[in-house]
Structures are given as structure tokens and as C-alpha cells.
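What follows is a single structure, written as C-alpha cells, with notes after it.
The values are calculated or read from the model by the stated rules, or taken from the named source; none is laboratory data. On a predicted model such as this, the values are computed, not experimentally measured, just so you know. Reconstructed Cβ throughout: ideal geometry from the backbone, glycine too, with neighbour counts over all protein chains shown.
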């Protein structure tokens, strides 16, 4: 039997120097506010979608991650963390696991009748290739979804949809194509064929966006310290996802918005595109 589940979400904290449009020097104060609000709301769990730091150099990144880890330890609820592309420039995954006291491997859990998937594919960028999903990452996702009978929500750092990047400060021009893995369509195929997934939630693209594919809502959240949509102030964005009779996502901060979505009948599919 399903029961209401509340999940507080934060992404792209980018603690570090102010860089481009990111106010990384305000990130810790903003994170402290998020932790305080998550505790006051008594949420069931917290999800951090990655890019906790703005990479600078190995010693600085390690120092900044230790500070972030200390803030997350103040949470009353269980918290789960994903790897972002900036996190892995100067630090290995095992290093980060030791500092954060958390696993950055693929994992999933069942809570209150919902299947929650924390999918951690590699976010290392490869020269002349960009971001690409490995076969092992795709195989894990397919295996995990095939092993549940519950409605599933997939959390991952990079979006798997093909939402427009027109107007995006980073991904329309300078880093065009860097908004997702080049072969993200393979992940979408697994998600859609599973007939289990009711939503995909991600960060990385630094704005709030909702895009439907095969009836599945793909939701991305704004970065906590981003300013390009709220210039000159950081957005302070964080989300409260409520799973119940509907999927409700309330995004807080300087750019508040709310989505209330029906839960997809997972066996129903859109007609394929015309040829």
C-alpha cells in the first residue's frame, strides 16, 4: 500500500569561488537554510543531486567538500547523494564517499510503497566525446527497474530528456550539448520500457524545467547558488517533492513555482513519432 512520502531536494550547490553566474561564496549560508527548512518540515528523506563544489584544485575541493559534509550531517532525515560533473574533476568517487560518509554507487530503496532510484552514472567528461553513459550504468538501471513492482522515481544528476536549452546561460551556446549524456536516449528507452517509472528528477542544467516524454514527467531543479535567472541574487532554489495521489513538486527560493501532476498509468504509451 502506498502512503504519502515527502522528499526535500537540493542540487548544484557549487560551494567555492563566485564563478560565471554562480555565487559559490554564498553556497554554505544557502545550504544551511535548506537544512534548517528540511528539518522543520520533518521530511521523510533528503536527496542531493550533485555538483556540491565548484572545482578549483584538489586541496581546495577536499576542504570545501568537508564543510558541505558537516552541514548535511545536521539533517534529521536520511540523506542520499549523487555525483555531479564538477565533483569528479579533482576528487575520486572513493575519496568523496569517505568525506561525505555516503555511498555514491547506484542504489535504490523502497519507502512507503514507492521505489526510489539513486542512479549515479559517470559524469566524467571525455575529450571530443562529452558525457556518455557506460553500458554498465545502463545495465544496472535496467536490472533495478525490472526487479520492482512499485511505482518508481529516478533521481540522477544529468537530465535524460531532450528539453530545449534555448535561453539557458550555459547550455544554449557555450556548452551546447553538455546538458546531458550524448546517449541519454538509451536511458530513456529503459525507463519507458520498464513501465515502472512515474518521474525522473535531475539537476545540472541550472533551471527549473518540466518536460514530458512518453507521458513521464522529467523535472529539473535550479542550482542553489545560480544567479542567471534571479540576477544579481542567488536563486536559493530547493524542492519539496510529495508523492501521494499526485506528484507534487514545490520549488522554493527566489523563483518559486509548483507542479501538480497526475501519476502516469505506466502501461500506457504515446504513439511513436511519425516517419
>> Between 84, 50, 70, 101, which is over 30 Å from residue 2 (Cβ atoms), within 14 Å of the chain's Cα centre (by Cα) and either at pLDDT 95 or above or surrounded by 15 or more Cβ atoms within 10 Å (Cβ to Cβ) (or both)?
In response: 84
> Where residues in segment 1-22 are surrounded by fewer than 24 Cβ atoms within 10 Å (Cβ to Cβ) and in contact with a strand residue (DSSP E or B) (Cβ under 9 Å, 6 or more places away or on another chain), which of them is nearest to residue 205 (Cα to Cα)?
Replying inline: 21
> Which is crowded, with 18+ Cβ neighbours inside 10 Å, over 18 Å from the mean Cα position of the chain (by Cα) and under 24 Å from residue 38 (Cβ atoms), of 217, 234?
Replying inline: 234
>> Based on this model, can you work out whether residue 185 counts as farther than 30 Å from residue 33 by Cα and either loosely packed, with under 15 Cβ neighbours inside 10 Å or at pLDDT 95 or above (or both)?
In response: yes
> If you scan segment 172-200, which residues turn out to be assigned to a helix (DSSP H, G or I), in contact with a strand residue (DSSP E or B) (Cβ under 7 Å, 6 or more places away or on another chain) and more than 12 Å from residue 145 (Cβ to Cβ)?
Replying inline: 188
> Can you tell me which residues in segment 76-134 are touching a helix residue (DSSP H, G or I) at 6+ places or on another chain (Cβ under 7 Å) and in a strand (DSSP E or B)?
Replying inline: 79, 81, 108, 117
> If you check residue 96 against the conditions, is it crowded, with 20+ Cβ neighbours inside 10 Å, at pLDDT 95 or above and over 24 Å from residue 263 (Cα atoms)?
Replying inline: yes
>> On the basis of being buried (at least 18 other Cβ atoms within 10 Å of the Cβ), touching a strand residue (DSSP E or B) at 6+ places or on another chain (Cβ under 7 Å), part of a loop (DSSP other than H, G, I, E, B) and in contact (Cβ under 8 Å) with a residue 40 or more places away in the chain, does residue 163 make the cut?
In response: yes
>> With the structure loaded, tell me whether residue 32 is under 28 Å from residue 200 (Cα atoms), assigned to a helix (DSSP H, G or I) and touching a helix residue (DSSP H, G or I) at 6+ places or on another chain (Cβ under 7 Å) or whether it fails that test.
In response: yes
>> Can you tell me which of (1) outside any loop (DSSP other than H, G, I, E, B); (2) in contact with a strand residue (DSSP E or B) (Cβ under 8 Å, 6 or more places away or on another chain) is the one residue 43 doesn't meet?
In response: (1)
> Which numbered condition trips up residue 56, out of (1) more than 16 Å from residue 7 (Cα to Cα); (2) in contact (Cβ under 8 Å) with a residue 40 or more places away in the chain; (3) within 20 Å of the chain's Cα centre (by Cα)?
Replying inline: (3)
>> I need the full set of residues from segment 201-232 which are over 15 Å from residue 250 (Cα atoms) and not in a loop (DSSP other than H, G, I, E, B), in order please.
In response: 211, 212, 213, 216, 226
